[in-house]
Amino acid sequence: MVTLTIDGKVVQAEEGTMLLDAATANGIHIPALCAHESISPYGACRLCMVEIKTSSGRERLVTSCLYPVEEGLEVKTNTERVLRNRRTIIDLLLARCPESPVIQEMARELGVEETSYPAEDHGNCILCALCVRACEEVVGVSAISLVNRGVEREMAMPFYDDTAACIGCGSCAYICPTEAIKMEDSGDTRTITMPNNVVEFKLAKCSVCGAYFAPEKQLEYIARKAGLEPGFFDRCMDCRD
Amino acid sequence: MSRLGSPQELEALRQSLVQSRDPNRRCVTICGGTGCVALLSGDVIGAFREEMKERGLDSEVDLRVTGCRGFCERGPHVVIHPEGILYQRVKQKDVPEIVSETIVDGKTIDRLLYVDPASRQKAVHESEVPFYSKQYRLVLDGNARISPDSLEDYLAVGGYAAMQKALTSMSPLEVLEEVKKSGLRGRGGGGFPAGRKWETTRNAEGEPKYIICNCDEGDPGAFMDRSLMEGNPHSILEGMIIGAYAIGAHEGFIYVRNEYPLAVLHAETAIRQAVERGLLGDDILGTGFSCHIRINRGGGAFVCGESTALMASLEGKVGEPRAKYVHTSERGLWEKPTNLNNVETWANVPLIINNGSDWYRGIGTEGSKGTKIFSLVGKVNNTGLVEVPMGMTLREIVMDIGGGVPKGKRLKAVQTGGPSGGCIPESLLDTPVDFDELDRVGSMMGSGGMIVMDETNCMVDIAKYFISFLEGESCGKCVPCREGLKRMREILADITEGRGQEGDIERLERLSETLLDCALCGLGNTAPNPVLTTIRYFRDEYEAHIRDRRCPAGVCKALITYSIAETCPGCGLCVKVCPQGAITLVEKKKPVVLDQSKCIKCGACYDVCRLDAVVVK
C-alpha cells in the first residue's frame, strides 16, 4: 500500500492505482469526462488535472487519471491554477457542444456561464473516445473509431459507412458521457444514432414472453464467442430460471 | 564483398584504403545534397563525367558526389582538390571551362568564386569564406569529405574506429560513463542528458531493449537531420551501434519520414553495406556483439517526432502520443525499455568515443557541451546549415556566419526551436545560444531551426502562421491542443484581419497557459511559445492591430493601404505588373494613379518599384 495526501486528507491506495481512482475511493471528487472504471485511462479531456508535490519536492500539474499513486505524494485537486485551467477547458468544450446538458451543467459547476468563443455545433460529441475504447476493449469488435486528425477528428464507422462489425450491443451509447450516441428500441428494431452513422438491428423475440430483448447479431456474437449451443438465446433474461 | 571477421581486419582494410588514396591526387567534389540537387547539381555532375571522359581524364581525376556542404544559398558547389578551390553557383555550362582551366591548367576561374558581400573580397578556398571560417564543423565535417553511398570513403576518414574502440577496448559501462561524462544532451529538442537516458534504459527491467533514431524532423525550414542522414549515414549507424552496446540492446530502428527519399535511400544503402562487411548484424567484427538496425518510414505527421507517438507509429498504430509518467526508457516500444535519440545526437557519439569526454567537454558552455547544427533560413543572406560551438551568440550566427539581413533591411527577430519555439527580438541578439539561455528568453533550442525575420515581417502574422501549422499538425487527442489551438488561430486571424478586440491578448494568454499546463504532449505544451514570445517582445504590434487597426510591418492586408508618393516619376513598371489594372499612367514624368477600389493589396507594385515610390501604410 502507498500512503499519500489528497487535499490534506491522508489516504492509502494500492500501488499502481491512479490518482483519480484513489481520490474517488476516498470521496474526493475530481471532474472528468473521458475516464471510466472499466476502460483503460486515456487522458484526453484534461479536466482531471491536479497539482502534485512529490516527496523530492518537485511541483507540477499532472493528469490524475494517468498518474499512479506515489509514497508521500501531496495532491491538491482544487488550487486556483487547477480551477483556472479547468474553466478554460470546459469553456472550450462548451463552445464545441453548446447544446449538451452535461457540458452546460459541468460548466456551471466550474463557474462558466457562457462560452468565451463563437459557439459551434458538433452535436454533443467531445471526442473522449470512451465509445471507441469500450467497443475495442470491452466488446472486442472495434466497429467504430476516431477518424481524421486534429480539428477534423470525429467518431465514425470505417469509411463512414461500413457497419459490418457492429453487433448493436449499445455499449457506445451506454458509456457516452455526453449522450452524443442515442439508442432506441421500437418494436422489433433497435436504432443506434451516432454522430456520423445510424444503424438498425433486428431484435430477437423471447419464445416465452414474446418480448423483443436483444439484437440477433449480438446474441450470435455472444454465442459464438462463448461456444454456446444454437437456441441458447431463445428466451429473454427474465424468462430464464 | 567479404565480411570483416575481426578488428584487425577492419584496421588492415582502413590502412590499405588510406594508403591507396593519394591526398595530392586531383579530385573534384560536387555537392549532391537535396538543396544542390534542387539547384540542378545533377546536371553538373553528369557534365563533369562526360567532359572528363571525353578528355580522357577519368582515370586521373576522381569525382566525388558528397552530401550537403551547408551553404545552400550558393549551391551547387564544386571543390577542386588538392588545392581546395571552391566554385559556387556552378551551372552545367561552366563545366567544360572548369575542366580545361582549373583541372588541366591549374588556373582559378574568378567568376565562379564566392564574393563576400560585405568586403567585396573574393574567396578562393572554403576557409576564406566567412560562412565557413566562423563555424566549427565536427558532426558535419564528413558531409563534405565523403560520398554518402561509399563505405570505403567513410572508413578512409576514420569511420567505425570509434565502434571498434568501444567494442574491443571498453566495457559497455565504460562507454556509458564516457557519454555521461561528455555532457552530451539530446539534440532533438528536449536537451535531456543522453548518457542518463541510456543509463535508465540499460537499468530498466525488461528484454529485449530497443534503440531508435528519430529522423522525423518536421519543422518548417529545418533540414539538419535530413542532411546528416543523407550525407553521412554511416556516422549515425556507428553512433547507434555504440549506444546499443552501452545499453545492452540488440535491435534498433531508424524512423525516417518518407518525404526524405534521399535520406531513406542512403540509410538503406549504409545498412546493407555495413551488414555485408560485418560491421552491423550478428557478431560484429567477431566480437560476439550483435546489433540489427531496420528502417521504418514515417507518413509525415509532425506529431510523430514526439517519442511516444513515434513509437505508436512504429508499432503500426495511429501516431498519437500518450502520457509519459512512465518514461519510454522504461516502457517504450512494445512496452519494452527503449532509448530514443535524434539523428544529430547519435552522430555525436563516435566523436566522443574517438576523442574522449574531456575533449568534448572543452567545447561549448557550462550546461551545453559540444556543437549544434542550425538551419539558418529566412531573411538572411547566407541560407544554409551552420554548425557552431554551443554558446556562440545569435548575433555571431546571424550576422557573421549568416551575413546579415538582405537588401539592407533591419533585423527584427530570430525564431529558434521550430514552430513551437519562440521569437527572440533584435535587442537580445547577444544571447549565447545554448539549451538554458534559449529557455531563459522564452524560446528553446528545439532541434535547431533558426528563422530570421526583418522589419517587413509582422509578428502577429508570424504567430498566426505557426499556430496554424501546429493546429494542422495537432493529433486532436486532447482538448487543450485540439480546441485551444483552433481558438488561438481564430483570435489571431481576427486581429490580423481587423476584427481584434480589447481582451484578445488576455484571451490568448489564458489559452496559452492551459496548453502549457494541460496539453497531453510536448507538441501542445510548447505550442503557445510563438504567441507568448511575440506578446512578450512585440506587444505594441498586437496593440497597433487591435486598437489602431494598423499593421506596422505592412503585412496584414485588411489593415494596410498602398499609395503612390509624390516622388513617383511615372516609369510605369508598377502599371505593367498590377494584375488588377488598378494603376494608370496619367502623364509622362508624373506620378501614376492607384485606384483603391480595384487594389487587392497583392504588393506586386511595392515589390517592383525601385524608387520606394509605392508606400504601404
Pick out, in residue order, every one of the GluC sites (Glu not before Pro) in the stretch B:508-617 that is DSSP loop and has at most 15 other C-beta atoms within 10 Å; say none if there are none.
B:GLU566, B:GLU587
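Computed from the mean reciprocal separation of all distinct C-alpha pairs, what Kirkwood hydrodynamic radius does the stretch B:424-500 have, in Å?
Result for the stretch B:424-500, one decimal place: 14.4 Å.
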Alpha carbons only, please: Rg and Dmax for chain A, in angstrom.
21.3, 66
Rounded to two decimals, what is the ratio between the C-alpha radius of gyration of the stretch B:371-454 and 2.2 N^0.38 Å?
0.93
Quick one, what does Rg over Rh come out to for the stretch B:553-609 if you take C-alpha atoms and the Kirkwood Rh?
0.94
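Quick one: if you take sqrt(5λ) for each eigenvalue of the C-alpha gyration tensor of the stretch B:290-402, what semi-axes come out, biggest first, whole angstrom?
Those come to 32, 21, 13 Å.
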Inter-label distance, nm, simple model (7 Å from Cα along the C-beta direction), B:GLN15/B:LYS557:
7.0
Debye log10 I(q)/I(0) for chain B, one point scatterer per Cα, at q = 0.08 Å⁻¹:
-0.64
Only Cα pairs within less than 10 Å get springs; with that Gaussian network setup on chain A, which residue of A:ASN85, A:ASN148, A:ASN124 has the largest fluctuation?
A:ASN148
Unit charges on C-beta of K, R, D, E only; dipole of the stretch B:398-509, Debye
380
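Determine, for the stretch A:130-239, the count of lysine pairs separated by eight or more sequence positions (or lying on different chains) whose alpha-carbon distance falls under 18 Å.
4
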Quote the convex hull volume per residue of the stretch B:513-577, based on C-alpha atoms, as a whole number of Å³.
149
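Viscosity 0.692 mPa s, temperature 37 °C: Stokes-Einstein D of the stretch B:151-361 from its Kirkwood Cα radius, in µm² per second?
Details: Rh = 16.8 Å.
Answer, rounded: 196 µm²/s.
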Within the set A:LYS9/A:LYS53; B:LYS409/B:LYS576; B:LYS134/B:LYS372, which residue pairs have Cα atoms separated by over 24 Å?
B:LYS409/B:LYS576
Share antiparallel - DSSP beta bridges, the protein assembly as shown, percent rounded to 5:
70
Leading residue at positive end of dipole, the stretch B:499-564 (Cβ point charges), from B:THR533, B:ALA553, B:GLY500:
B:ALA553
For B:THR66, enumerate residues with amide H under 5 Å from its amide H, sequence gap 5+ or separate chain, H modeled in the peptide plane.
B:ILE30, B:CYS31, B:GLY32
Against the 2.2 N^0.38 Å rule of thumb, the C-alpha Rg of the stretch B:175-278 sits at a ratio of 1.11
Give me the compactness ratio for the stretch B:129-241, meaning the Cα radius of gyration over 2.2 N^0.38 Å.
1.19
Can you list the residues of the stretch A:168-189 with backbone N under 17 Å from a point 7 Å past the Cα of A:GLU220, pointing along Cα to Cβ?
A:168-170, A:189
Rounded to the nearest 10 degrees, what's the angle between the helix A:216-226 long axis and the longest principal axis of chain A, both from Cα atoms, 0 to 90?
70
Of all the C-alpha pairs in the protein assembly as shown, what % are more than 39 Å from each other?
51
Only Cα pairs under 8 Å and at least 6 apart count here; give the relative contact order of the stretch B:76-215 as a rounded whole percent.
11
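Within the P(r) computed for the stretch B:459-547, what percentage of the Cα pairs occupies the region above 23 Å?
So the pairs more than 23 Å apart make up 15 percent of the total in the stretch B:459-547.
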Sparsely packed GluC sites (Glu not before Pro) within the stretch B:3-92, loop by DSSP, other Cβ within 10 Å at most 15:
B:GLU60, B:GLU83
Among B:ALA249, B:ALA301, B:LEU265 - extreme Cα towards positive end, dipole of the stretch B:215-356, charges at beta-carbon:
B:ALA249
Past the 21 Å Cα-Cα mark, which pairs from B:LYS180/B:LYS369; B:LYS91/B:LYS122; B:LYS336/B:LYS369?
B:LYS336/B:LYS369
Mind sorting A:HIS122, A:HIS29 by how few other Cβ atoms lie within 10 Å of their own Cβ, fewest first?
A:HIS29, A:HIS122
Over the Cα atoms of the stretch A:2-78, compute the convex hull volume and normalise it per residue, giving Å³.
81
Cross-link pairs B:LYS197/B:LYS324; B:LYS379/B:LYS617; B:LYS557/B:LYS590 - those with Cα-Cα distance over 24 Å
B:LYS557/B:LYS590
Sequence of B:SER468, B:SER41, B:SER597 once ranked by neighbouring C-beta atoms within 10 Å, starting from the fewest:
B:SER597, B:SER468, B:SER41
Can you pull out the GluC sites (Glu not before Pro) in the stretch B:356-423 that DSSP calls coil and that have at most 15 other Cβ atoms within 10 Å?
B:GLU366
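Just so you know, all these numbers are worked out from the coordinates, no wet-lab data involved. Computed from a predicted model, the values in this text were never measured in an experiment. Here the Cβ is made from the backbone with ideal geometry for all residues, glycine too, and neighbour counts use every protein chain on show.
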